[in-house]
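Chemist: Structure in structure tokens, see below.
Every number in this text was worked out from the coordinates using simple rules, so none of it is lab data. Note that the coordinates shown come from a computational prediction; the quantities given were computed from them, not determined experimentally. Counting neighbours? That spans all protein chains shown, and the Cβs are built from the backbone with ideal geometry, glycine included.
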């Protein structure tokens with residue numbers, strides 16, 4: 001008796017990803033990307049960020065459409081709560097990057113996912129950003145990511161998916177390692 005195993009389909013084209021990786025190894029200058037977001041103030045603490053263009057593969061690139069994210073602060077900050085706070089958007093970016101990584105690694109390893117959920121929480125003493133205590137940093141004090149993954153894999157294999165996703169996550173790296181940031185006025 002023979003059994004056939006259904007092909008794994010998590011919606012990730014790993015053949016194309018691995019092909020791109022191999023091609024970029026041969027042309028490392030093309031691997032240099034510049035991501036871009038433009039922010040425009042609306043009113044109060046409300047702003048709109050547009051993401052539509054980036055530089056990569058040696059040329060200016062354009063997304064299929066412009067993406068607009070909004071940022072604001074909640075009413076408890078004496079704001080109008082039109083959108084999530086920028087720090088919540090950072091948490092969402094981390095969740096999205098790690099979740100995408102889990103899907104890509106699972107596809108590459110032949111693991112079928114049924115569901116993936118990440119809950120990301122960040123502890124933040126806001127006395128820093130409010131100028132209430134100069135000894136308190138402005139950013140997160142601690143960030144926790146908890147995954148709930150249902151897949152055709154052992155707990156050890158699922159843990160390895162998450163570890164590899166974390167290892168390759170650009171957002172995780174940006175949050176856990178110093179990054180040079182230059183701010184200027186045109």
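Chemist: Once fully extended, how much extra length lies between residue 75 and residue 89, figured as 0.36 nm per residue of separation less the alpha-carbon to alpha-carbon distance?
Modeler: Extra length from residue 75 to residue 89 when fully extended: 3.3 nm.
Chemist: So, one more: Compute the semi-axes of the equivalent ellipsoid of the stretch 85-177, taking the square root of 5 times each eigenvalue of the Cα gyration tensor, and list them largest first in whole Å.
Modeler: That gives 32, 11, 10 Å for the three semi-axes.
Chemist: Which whole-angstrom value gives the distance between the alpha carbon centres of the stretch 1-59 and the stretch 80-95?
Modeler: If we compute the Cα centre of each part, the gap is 21 Å.
Chemist: Just subtract the alpha-carbon distance of residue 170 and residue 144 from 0.36 nm times their residue separation and send over the number in nm, one decimal.
Modeler: On the way: separation 26, 0.36 × 26 = 9.36 nm, distance 1.66 nm.
Residue separation times 0.36 nm, minus the Cα-Cα distance, leaves 7.7 nm.
Chemist: Related question: Taking the simple approach of a point 7 Å from Cα along Cα-to-Cβ for both residue 9 and residue 112, what is their distance in nm?
Modeler: 1.1 nm
Chemist: Sketch the reach of a paramagnetic label on residue 59 as a point 7 Å from Cα along Cα-to-Cβ, and name the residues of the stretch 8-37 whose backbone nitrogen lies under 19 Å away.
Modeler: 20-21, 23-36
Chemist: Quote the FRET efficiency, to the nearest 0.05, computed for residue 20 versus residue 67 with a Förster distance R0 of 22 Å and r equal to the Cβ-Cβ distance.
Modeler: 0.50
Chemist: Taking a temperature of 37 °C and a viscosity of 0.692 mPa s, what whole-number D in µm²/s does Stokes-Einstein yield for the chain with Rh from Kirkwood over alpha carbon pairs?
Modeler: 168 µm²/s
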